[in-house]
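Novice: Dropping a structure here in structure tokens format, bear with me for questions.
The values are calculated or read from the model by the stated rules, or taken from the named source; none is laboratory data. Not measured: the values here are computed from a predicted model. FYI the Cβ positions are ideal-geometry reconstructions off the backbone, even for glycines, and counts take in every protein chain you see. The area values use the complete protein model at the heavy-atom level, side chains included, leaving out ligands, DNA and RNA. Shrake-Rupley method; radii C 1.70, N 1.55, O 1.52, S 1.80 Å.
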Amino acid sequence: MPWIDLSEVGAVGLRAWIHGILPVLPRPTPGGNPLDRDVSHGSMEERLTALAQSLSECASDRARAHFQASEYFRENRALARRLLALEAALRTSAGAGGDDPLVRDDPEARKAARRYLPSDRP
């Protein structure tokens, strides 16, 4: 939670809360100048500059996260299609009169085909 009631949790609870909240606090970008987050005593121009820079960093991080999520989704969809194609190839091979010569000679491949290829029995 973003707040804590010290009278309820005491020093032990405060310590646990601090250890829990620290990982979610934003950190300065590497290589850049860390912003002084407390610019409340600065001029209006300094405060607006700090706010604009923070918003820009946030938008950049968000765009990066969206891109990575879309790439992850695309790769997972391609992997699912490959698995479906492999399953169809194994079914076709099994239904066309026996095992593939590669599968027949390899006991590990036979075991994998039996394990991953769904059975036709209900």
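Novice: At what distance in nm do the modelled label points of LEU14 and LEU83 sit from each other, each positioned 7 Å from its Cα along Cα→Cβ?
Specialist: Going by the 7 Å Cα→Cβ label model, 5.0 nm.
Novice: On average, how much accessible surface per residue is there in the stretch 38-95, in Å², for a 1.4 Å probe, leaving out ligands, DNA and RNA?
Specialist: With the other protein chains kept in place, the stretch 38-95 gives 84 Å² per residue.
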